[in-house]
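The values are calculated or read from the model by the stated rules, or taken from the named source; none is laboratory data. This structure is a prediction, so every number in the text was calculated from the model and none was measured. For neighbour counting, all protein chains shown are included, and Cβ atoms are generated from backbone atoms with ideal geometry for every residue, glycine included. Surface areas here come from the heavy atoms of the whole protein model, side chains and all, with no ligands, DNA or RNA. Shrake-Rupley method; radii C 1.70, N 1.55, O 1.52, S 1.80 Å.
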Amino acid sequence: MRRFVMKGNICYSNDNKELCVIENGYVVSEDGICQGVYEQLPEKYQMIPCYDYTDRLIIPGFTDLHVHAPQYSFRGLGMDLELLDWLNTHTFVEEAKYQELAYAEKAYDIFADDMRKSATTRACVFGTIHNEATLLLMEKLEEAGIKGFVGKVNMDRNSPDYLCEASAAQSAKDTEEWIKASKQFENIRPILTPRFIPTCTDELMEELSDLQKKYDLPMQSHLSENFGEIAWVQELCPDTSFYGEAYNKYGMFGNDCKTIMAHCVHSTEDEIKMMKDQGVFIAHCPESNTNLSSGVAPIRKYLDMGMKIGLGSDVAAGSTLSMFTAMSMAIQCSKLRWRLSDQELKALNIEEVFYLATRGGGEFFGKVGTFEKGYEFDAVVLDDSSLRHPQELTVKERLERMIYLADDRNVVAKFVNGKSVPRDKDGDETAIFGGNQ
């Protein structure tokens, strides 16, 4: 529908300090754009169709700023390893299988179907080095109703023979062919994806820099996740004083290249300043950083500095696509950092992690992640009736419980850019129509 109203308990962020709650209120979508939130529906909207979700929670869709689609098949495995050993033992072995399109079809069917059922409406996704499999992933996410970016991974050094591109020139050639083929998709767009500096030669980074400028593409990669990784980058790039410079010297670290850097657990003061000054987005992945023993990123510091931050599931170092888990773990990890290592950085709270999962990460896509007028209309409807309780709860308290207790079964409807997303491949919708009053 071009125009419609949704009725229910509406929750959204004004900023990272304020959670707005409108009980039994209304939010209006027109041509995929939010027209505002109202306690009483204006007369001009009273005759248009209404999705009646009375007493349910209506929130902006979640944004996952960092997830590896081919790793979804082995989530929950190898959690006793640190990053570099985990990559060699599990990740590279699995990603090599995507050379076979039949395997990619089965694996990406599962990933896309679970993304469809989740509370995530936008995502930035890593594929593999394989063009055909990455295009297949884009196709399946398009069909699943997700909007976002998908990257064909680049890696031409320090990788096993079975998952290493032949040369920088060949990697760039394949990447450009993939970029051109990606034009067929409406909602899933390409993003340059050098895996990380240790697997990309200087020649490859130069080639990717040229492609970034030619096609005006964003870029995603990893930064300062693990002490061993940071030391390795220093060894490989002796002309740089910190990890971020190894991207920046090729013009792929913010400014004219919209950039997401996952993790930033151990960033130096100089690196943090460059990210702040150049508008680099940080994808905070608390579960992944815990599972791989990487550490706890100083998100309080980044928030107080006004940096651009969202959350990432980082499957399969993270075990689930659930952004509910990402939010609750962001709080829990920040508490541990405060208690064990830095009592100057107070723990995150509900308002802040909800902001990160919605408006904070949504900013990477433009005006996304809230219900303010003029923002793209992404919405998720949550039913918390299965979370039984004897006491009266406010809407905010109900939302807080969802952050800690909910899973995909609590999602009863999802809208992306004003379009209803069916809960399954057969197109079954759970929308409930009723009167506007």
Sorted by chain and then number, the residues having a modelled amide H within less than 5 Å of the amide H of residue 413, at least 5 places away or on another chain, are 381
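Taking trypsin sites (Lys or Arg not before Pro) as exposed when DSSP calls them loop (any state but H, G, I, E, B) and at most 13 other Cβ atoms lie within 10 Å, what is the longest stretch of the chain free of them, the sites themselves excluded? Don't jump to the answer; show the numbers that get you there.
Working: sites that count: 2, 17, 346, 373, 388, 425.
In short, 18-345.
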Need one number: nm distance between label points at residue 106 and residue 143, each 7 Å from Cα along Cα→Cβ, rounded to one decimal. 1.7
When the convex hull of its Cα atoms is projected in every direction, mean area for segment 22-142 (nm²): 10.5
What percent antiparallel are the DSSP beta bridges of segment 1-121, to the nearest 5? 70
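Averaging sequence separations of C-alpha pairs under 8 Å and six or more residues apart, then dividing by the length of segment 38-188, give the relative contact order as a whole percent. Walk me through the numbers on the way to the answer.
Values: 180 pairs, mean separation 33.6, N = 151.
Reported relative contact order: 22 percent.
Just the number, please: Stokes-Einstein D of segment 297-402 in µm²/s, Kirkwood Rh from C-alpha pairs, 25 °C, 0.890 mPa s.
My calculation gives 159 µm²/s for D.
Counting Lys and Arg as +1 and Asp and Glu as -1, each charge on the Cβ, what is the dipole of the chain about the Cα centre in debye, to the nearest 20?
Roughly 1120 debye for the chain.
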Computed on Cα atoms only, the convex hull of segment 1-61 has an orientation-averaged projected area in nm² of 4.2
Enter the accessible area of residue 382 (Å², nearest 10), with the probe set to 1.4 Å and all protein chains included. 0
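Work out, step by step, the length gained on full extension between residue 270 and residue 385: first 0.36 nm times the residue separation, then minus their alpha carbon distance; give nm to one decimal. Write down the numbers at each step before the final one.
Numbers: separation 115, 0.36 × 115 = 41.40 nm, distance 4.83 nm.
Here the segment from residue 270 to residue 385 would lengthen by 36.6 nm.
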Along Cα→Cβ, 7 Å out, is where each label goes; now give me the distance between the ones at residue 177 and residue 202 in nm to one decimal. 2.9
How high is the FRET efficiency between residue 170 and residue 236 when r is their beta carbon distance and R₀ equals 22 Å, given to the nearest 0.05? 0.60
Quick one: check the C-alpha center-to-center distance for segment 95-154 versus segment 16-61, whole angstrom. 32
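Once the convex hull of the C-alpha atoms of segment 353-393 is built, how many Å³ does it hold per residue, rounded to a whole number?
On the way: hull volume 4.1 nm³, N = 41.
Per-residue hull volume (Cα only) is 99 Å³.
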Measuring with a 1.4 Å probe in the full set of protein chains, what accessible area per residue, in whole Å², belongs to the chain? 39
At most 15 other Cβ within 10 Å, DSSP loop - GluC sites (Glu not before Pro), segment 131-221: 186
Can you give the Rg to Rh ratio of the chain, both from alpha-carbon atoms, with Rh computed by the Kirkwood formula? 0.97
Hey, what number do you get for the chain at 222 nm if only DSSP H runs of n ≥ 4 count, each worth -39500 (n - 2.57), divided across all residues, to the nearest 500? -9500 deg cm²/dmol
Provide, in order from the shortest bin, the percent of all Cα-Cα pairs of segment 372-414 in each 5 Å bin, continuing until the bin that contains the maximum pair distance. 5, 18, 28, 20, 14, 9, 4, 1
Those chymotrypsin sites (Phe, Trp or Tyr not before Pro) from segment 240-295 that are DSSP loop and have at most 14 other Cβ neighbours within 10 Å turn out to be none
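For the pairs 7/419; 106/258; 17/367; 214/276; 117/214, flag any whose C-alpha to C-alpha distance is greater than 27 Å. Let's see the in-between values first.
On the way: 7/419 16 Å; 106/258 32 Å; 17/367 19 Å; 214/276 25 Å; 117/214 36 Å.
Exceeds cut-off: 106/258; 117/214.
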Contact order normalised by length for the chain, with contacts defined as Cα pairs under 8 Å and 6 or more residues apart; what percent is it? 22
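Expressed as a whole percentage, what fraction of the accessible surface of the chain belongs to carbon and sulfur atoms when a 1.4 Å probe is rolled over the protein heavy atoms?
With neighbouring chains kept in place, the figure for the chain is 47 percent.
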If the chain between residue 113 and residue 158 were fully stretched, how many nm would it gain, using 0.36 nm times the residue separation less the Cα-Cα distance? 12.9 nm
Taking a crude spin-label model, label points 7 Å out from Cα along the C-beta direction, the residue 48 to residue 409 distance in nm is 3.6
